[in-house]
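Participant: Quick one: structure below, then a few questions.
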Amino acid sequence: MRQQSLSVRQVMQAEPVTVPSTCPMRDVMGEMNRRRIGAVIVVNGANTLIGIFTERDLLRRVADADPGWRDAPVAEWMTPDPFTIAPDVGWDEAVSMMDRHRVRHLPVVDADRRVLGIVSTRMLMLRRADDLNRLVENRTRELKHALDEIMSRDAELRYNLSAAGRFQTRLLLPHAPPDWPELRWGVHYAPLDHLGGDYYDVAQPGPDHLGFLIADASGHSIAAAMVAILSRTAFADVSGATISPGAVLSEMNARLQGLADERFVTAFYGVLDRRTRVLTYANAGHPYPLRFVARTGAVQALSVTGFMLGIVPDEQYREKTVQLEPGDRLCFYTDGLVEARNEMGEGYGTDRLERAFAQHGACTADELTARLLADQRAFRGDQKLSDDVTLVVGEVSREE
């Protein structure tokens, strides 16, 4: 028998991210990027709804915006008086309302329009999946014959996915770490499923320059793998034409516009001058790589900001440089490494990674890679990973 429909109050995100109408767009986008959310609610001082700002609002106007648009208040970009829903109606009504009005987010308000929460299509679909799973469990006996057939098909699908995963690895990743005398490498690549969204790549835009890219397409499995392939193709097309990391990311961003289902790609790209050991780099929303300074034992983040690929058209990516020294180590990783959790629900985090990197920074690239992974595994214990994990360590060769 079907269970009683859940209410919006039961499925909404309580205490959603809210901002005042005067908040600059720069801060709003930074918060959305940091939290990886698709909408913020605009309120007044009494927590009363004024409007909503979503990625769709950004994409609708950013191409024609004035150069200083990031400093404009969110009130100029938001959707005022958006459609709302009460907390005690059924979640199926929320689904119907989103479909009817073609919106992806609904603020949840009381009778005085005070904000109580927010629902999104993603939240509702997850709850719908849970509801359907419970129905399947209750009807197991009735569906035994059908489930046997599904299991047979599932085995075939897993075989095909495994073959696709092997093909993806050959297509996306270098066949071996690059044979560069300036750097020795340690590599760990572990997609959560047969197919993943993580990848790394190398380029040689000139005889005196070496490029390294690490990227992460949002999500995992088939959809993320397809986006990763598109991204890798864009990188291969443009990386040989310039030694500017910012220009490469800008061109990749232009080619990845219009990805389906609000998907995006984070990426870090650095180009090493072989003569001077100066690394020039740019970042598109990716976790900051780390540098172990052999001379002092300090760990530094290679920090530079930039919006994720595939979201904001015509984004220009700033570049920074760092002077590497013989014996330095570089640590590149995707967020699956630091987002691993232990049985208490604590995340491994960048602080623990930095401490382990500093402790073992004098090891060779291969050994350092193994030590960092062992530190993370010891932290999470028996808890399973929830995302793809890629870790690449580069060891700057010492002068002869």
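Participant: Quickly run through region 364-391 and pick out the residues that are of a type outside the set (Asp, Glu), touching an Asp or Glu at 6+ places or on another chain (Cβ under 9 Å) and open to solvent by less than 20 Å² (accessible area, probe 1.4 Å).
Facilitator: Those that are of a type outside the set (Asp, Glu), touching an Asp or Glu at 6+ places or on another chain (Cβ under 9 Å) and open to solvent by less than 20 Å² (accessible area, probe 1.4 Å): ALA365, LEU368, VAL389, THR390.
Participant: If you don't mind, there's one more thing I want to ask. Only residues that are outside any loop (DSSP other than H, G, I, E, B), within 22 Å of PHE332 (Cβ to Cβ) and among the small types (Gly, Ala, Ser): list them for region 236-270, please.
Facilitator: Listed by number, the residues that qualify are ALA236, GLY246, ALA247, SER250, ALA267, GLY270.
Participant: Moving on to the next point. Filtering region 243-276 down to residues that are farther than 16 Å from ILE311 by Cα and among the hydroxyl-bearing types (Ser, Thr, Tyr), which residue is most open to solvent (accessible area, probe 1.4 Å)?
Facilitator: THR276
Participant: It is to be established whether one or more residues within region 96-104 are among the small types (Gly, Ala, Ser), modelled with pLDDT of 75 or more and surrounded by 13 or more Cβ atoms within 10 Å (Cβ to Cβ).
Facilitator: no
Participant: Here is a further query. Would you mind finding the one in SER239, SER231 that is open to solvent by less than 10 Å² (accessible area, probe 1.4 Å), modelled with pLDDT under 90 and at negative phi?
Facilitator: SER231
Participant: Then there's this: Quick one: how many residues across region 336-363 are in a helix (DSSP H, G or I), open to solvent by less than 10 Å² (accessible area, probe 1.4 Å) and over 23 Å from THR296 (Cα atoms)?
Facilitator: Residues flagged as in a helix (DSSP H, G or I), open to solvent by less than 10 Å² (accessible area, probe 1.4 Å) and over 23 Å from THR296 (Cα atoms) within region 336-363 amount to 2.
Participant: Just checking, does region 364-380 include any residue being within 23 Å of the chain's Cα centre (by Cα), in a helix (DSSP H, G or I) and among the basic types (Lys, Arg)?
Facilitator: yes
Participant: Pick from region 64-73 the residues that are part of a helix (DSSP H, G or I) and at pLDDT 90 or above: which of them is least open to solvent (accessible area, probe 1.4 Å)?
Facilitator: By that ranking, first place goes to TRP69.
Participant: Give the residues of region 308-334 that are in contact with a strand residue (DSSP E or B) (Cβ under 6 Å, 6 or more places away or on another chain), at pLDDT below 95 and of a type in the set (A, V, I, L, M, F, W, C), sorted by residue number.
Facilitator: MET308, LEU309
Participant: If you check ARG61 against the conditions, is it in contact with a Lys or Arg (Cβ under 8 Å, 6 or more places away or on another chain), in contact (Cβ under 8 Å) with a residue 12 or more places away in the chain and part of a helix (DSSP H, G or I)?
Facilitator: When the stated conditions are applied, ARG61 does not pass them.
Participant: Shifting gears a bit: Can you tell which of THR369, THR390 is among the polar types (S, T, N, Q) and at pLDDT 95 or above?
Facilitator: THR369
Participant: What are the residues in region 277-286 that are part of a strand (DSSP E or B) and either at pLDDT below 95 or buried (at least 18 other Cβ atoms within 10 Å of the Cβ) (or both), if any?
Facilitator: Within region 277-286, LEU279, THR280, TYR281, ALA282, ASN283, ALA284, GLY285 meet the criteria.
Participant: Please give the number of the condition PRO289 fails out of (1) at pLDDT 95 or above; (2) in contact with a helix residue (DSSP H, G or I) (Cβ under 9 Å, 6 or more places away or on another chain).
Facilitator: Here PRO289 clears every test but (2).
Participant: Answer with yes or no whether ASP179 is at pLDDT 90 or above, surrounded by fewer than 16 Cβ atoms within 10 Å (Cβ to Cβ) and of a type outside the set (Lys, Arg).
Facilitator: No, not satisfied.
Participant: Looking at region 74-106 only, could you name the residues that are closer than 17 Å to GLN10 by Cβ and in a strand (DSSP E or B)?
Facilitator: ILE85, GLY90, LEU106
Participant: Further question: Which of (1) within 29 Å of the chain's Cα centre (by Cα); (2) surrounded by 15 or more Cβ atoms within 10 Å (Cβ to Cβ); (3) modelled with pLDDT under 90 does GLY90 not meet, given it meets every other one?
Facilitator: It fails just one condition, (1).
Participant: So in region 20-39, with the set limited to residues that are open to solvent by less than 40 Å² (accessible area, probe 1.4 Å) and in contact with a helix residue (DSSP H, G or I) (Cβ under 6 Å, 6 or more places away or on another chain), which one is farthest from VAL109 (Cα to Cα)?
Facilitator: Of everything passing the filter in region 20-39, MET25 is farthest from VAL109 (Cα to Cα).
Participant: ASP27 - would you say it is more than 26 Å from PRO287 (Cα to Cα) and assigned to a helix (DSSP H, G or I)?
Facilitator: no
The values are calculated or read from the model by the stated rules, or taken from the named source; none is laboratory data. Keep in mind it's a predicted model, so treat the numbers as computed, not measured. With ideal geometry, Cβ positions are generated from the backbone for all residues, glycine too; neighbour counts draw on all protein chains shown. SASA here: full protein model, heavy atoms, side chains in, ligands and nucleic acids out. Shrake-Rupley method; radii C 1.70, N 1.55, O 1.52, S 1.80 Å.
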